[in-house]
Amino acid sequence: MCRFWPFYLVALLLIGAGARDQFDRWIADTDLPSVLLETSPEIRDRNGNLLRAYTVADGIWRLPARLNEVDATYVELLLAYEDHRFYDHAGVDGWALARAVIQAIGNGRVVSGGSTLTMQVARLLEDSGTGKLSGKFRQMRVALAIEQHLTKAEILDLYLLLAPMGGNLEGLRSGSLAWFKKEPMRLTVAQAALMVALPQSPSARRPDRFPFAAQTSRDRVLARAVDAGVLSQEEATAALSEPVPKQRGDFPLLAPHLSDRALAERPNLRAHFLTLDAPLQSALETLADTALFGLGERLSIAMVVADHQTGEILASVGSAGIAQSDYRQGFVDMTQARRSPGSTLKPLIYGLSFDQGLTHPNTLIRDMPVKYGTYAPQNFDGEFRGEITVADSLKQSRNVPVVTLTHELGPANLMAALRAAGTHPVVPGGAAGLAVSLGGVGMTLEELVQLYATFARGGVAGELSWRMGEKNSEKQRVISPSAAWSLGHILSGIAPPPGAPANRLAYKTGTSYGHRDTWAIGYDGSHVAGVWIGRPDGTPVPGAFGAEVAAPVLFDMFQRLKPELDRLGPPPPETILLATAQLPEPLRKFRGRNALFEAPEEGLKMVFPPHGAQLSGVEQELTIKLKNGTRPFTVLANGVPLVTGQRRHEIALPNIGRGASTLTVIDALGISDRVEIWID
């Protein structure tokens with residue numbers, strides 16, 4: 001018999017090898033579940049901060065977190081508690097299974113399951129139970145097969161993605177954000193321990209429903225970590241004193257409208273990186289909510305902030321709250337709604353007139369009744385100021401002068417300039433008329449911010465962008481650098497709203513016809529911002545003006561953006577910096593291109609006192625002298641009527657008072673003239 005033992009040994013080895021090969025083929029033939037799982041689409045800001053996430057099928061939150069994105073202490077606690085031989089076994093830990101069987105026999109019940117992390121991943125992938133023996137064998141087979149196809153790090157990534165965290169939460173990152181409002185890289189020891197314990201019984205250990213069970217299971221993880229040498233007793237004791245969360249938090253919901261746009265544009269992309277800045281976005285969404293207090297329940301608001309040098313949008317607020325759908329229609333993204341821009345297009349018209357050589361900021365232009373066919377534009381206040389400088393006309397947002405310039409430039413050229421700035425204006429009826437200059441065109445808030453970014457960039461257009469890495473289109477010049485600088489210089493001289501800092505923000509307000517839309521758009525040396533306030537359904541808001549409603553919000557936006565404004569740049573070398581009297585004759589007073597063929601002006605003139613006169617001893621009574629005009633005359637001092645119904649061309653004015661005064665005379669046709677004087 002002893003002579004044949006080598007043959008028996010060879011036979012046993014052959015049988016063992018055959019069994020092993022058969023076992024390997026059995027494992028290799030395993031029908032593996034798919035590891036390509038749907039994950040929640042995420043919208044992140046320029047720094048990677050989560051702005052918003054979306055659920056997957058059945059309303060599950062499943063946010064991925066890779067091993068290098070997780071706090072190292074959590075991984076150590078997980079392995080110490082669940083599978084300390086994880087890196088040593090091939091998917092099934094024989095020692096752990098043997099221990100589990102012996103403990104079950106000795107105690108008459110299951111004390112430990114013996115499942116490895118790989119077996120748990122197999123169960124989670126197939127959504128199979130753990131109670132039946134057949135299910136356990138299936139998990140072992142799948143676990144062994146998984147280990148042949150995936151690395152240990154990839155297996156841990158799957159566990160981090162699938163571990164149940166209570167309710168509709170799957171994965172460590174979902175649990176960390178919901179229970180602690182933080183990313184898993186920033187978990188404390190106590191928080192990490194709870195995240196290890198929760199998947200073992202996610203329903204029974206939910207801290208918002210069963211805080212005692214949650215705390216007990218967490219403390220058990222901490223004790224096991226001390227025994228394994230992962231934590232010191234002092235670290236564990238400190239963690240034991242930390243309370244478990246009392247309620248589940250909401251996932252971030254910043255920039256909901258822009259997030260929806262990003263997802264709709266690329267629905268198959270799981271992670272969208274936007275140019276937004278999460279802290280600024282949050283601050284402006286809070287401002288949007290508070291800014292509407294006392295302004296009416298049906299009002300909505302929209303805001304856009306961008307870096308005008310790069311064109312990147314840093315914040316985009318589509319409404320005061322996407323959930324406010326009943327009365328504010330918060331679901332409507334008003335940054336994309338086409339509305340009448342009111343007076344916000346006026347700076348472009350003046351900039352074009354500068355470049356055409358029609359005007360200079362100190363050119364005098366008439367603010368008096370005009371008529372173009374059947375169209376007779378009116379000023380917002382119903383009054384006329386006579387001759388004023390172009391700069392004052394823009395600052396005071398006079399309508400008649402800007403319509404006069406639009407008539408001279410041609411509405412088609414204005415529309416061409418808007419398109420050159422990268423906007424897509426829509427004109428009712430398709431044909432642009434003079435009313436375009438006063439807001440008779442549809443534009444979005446985002447487009448208006450883009451237009452003002454053109455002014456801020458020295459007249460060069462460039463489309464705004466909101467997706468990281470997105471290349472802007474080729475830039476195009478719309479107005480000259482000197483015209484753009486002049487606009488910034490004028491707009492920064494507009495008085496700020498009451499209570500706002502006098503920081504010389506270059507800005508313009510606008511109010512559409514019927515008080516349906518109020519606007520404020522402004523910029524400094526680095527940023528451009530705009531705000532719209534109105535009703536999404538387009539109904540009027542009686543008494544609402546851009547200067548009173550929207551402008552204060554614009555200044556609040558810049559205060560939340562940065563503590564101090566960045567200065568506008570110096571004037572380009574070619575800029576003409578001259579007073580009215582020093583300008584070349586054609587630029588001193590706007591007469592239009594056909595001035596040589598027109599009859600001499602016969603309009604009302606105040607020939608005494610002359611503009612800029614300094615007078616003495618006339619504070620009690622001043623006699624003014626008029627030329628031309630249609631009787632009767634009305635005279636105002638500093639906007640207050642002094643005399644009315646006067647039919648003579650020499651009028652004595654009582655009680656002028658000392659100091660600076662502005663005298664205005666208006667004739668029966670509404671034609672006016674004014675002078676500024678000083679009385680010693």
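Read the figures in this text as sums done on the coordinates, not as results from a lab. Source: prediction; values computed, not measured. So basically every Cβ, Gly included, is an ideal-geometry build from the backbone, and we count neighbours across all protein chains shown.
Odds and ends about this structure:
- With contacts taken as Cα pairs under 8 Å and at least 6 residues apart, the chain reaches a relative contact order of 10 percent.
- Straight Cα distances below 20 angstrom link Lys181 to the lysines Lys246, with same-chain residues fewer than 8 positions distant left out.
- In terms of surrounding Cβ atoms within a 10 Å radius of their Cβ, Phe558, Phe380 rank from fewest to most as Phe380, Phe558.
- If only the Cβ of Lys and Arg carry +1 and only the Cβ of Asp and Glu carry -1, the dipole of the range 517-581 around its Cα centre is close to 80 debye.
- Footprinting exposure proxy for Glu42, Glu126 (fewest neighbouring C-beta atoms within 10 Å first): Glu126, Glu42
- Nearest 10 degrees, 0 to 90: helix 117-126 Cα axis against the chain principal axis: 70
- Label-to-label distance, Phe212 versus Asn47, with points set 7 angstrom from Cα along the beta-carbon direction: 4.3 nm.
- Cβ-Cβ FRET estimate between Phe545 and Leu240, R0 fixed at 45 Å, reported to 0.05: 0.15
- Ranked Tyr54, Tyr350, criterion: other C-beta atoms within 10 Å, fewest first: Tyr54, Tyr350
- Dipole axis of the chain (+1 Lys, Arg; -1 Asp, Glu on Cβ), positive-most option in Ser115, Ile479, Asn362: Ser115
- For Leu269 and Val426, the difference between the fully extended length at 0.36 nm per residue and the C-alpha to C-alpha distance is 53.3 nm.
- Spin-label model distance (nm) - Ala660 vs Ala228, 7 Å beyond Cα toward Cβ: 7.8
- In straight-distance terms, cross-link reach from Lys371 covers every one of the lysines whose alpha-carbon lies under 22 Å from its own, apart from those fewer than eight places away in the same chain; here that gives Lys346, Lys589, Lys605.
- Stretching Glu650 away from Tyr87 to a fully extended chain increases their span by 192.2 nm, per 0.36 nm per residue minus the current alpha-carbon distance.
- Between the range 436-458 and the range 341-371, the alpha-carbon center distance in angstrom: 16
- Euclidean distance of C-alpha centroids, the range 164-202 and the range 510-576, integer Å: 44
- Extension gain, Ala613 to Glu474: 0.36 nm times the residue separation minus the Cα-Cα distance gives 44.8 nm.
- With bins 10 Å wide beginning at 0, the percent of Cα pairs of the range 600-679 falling in each bin runs 19, 58, 21, 2.
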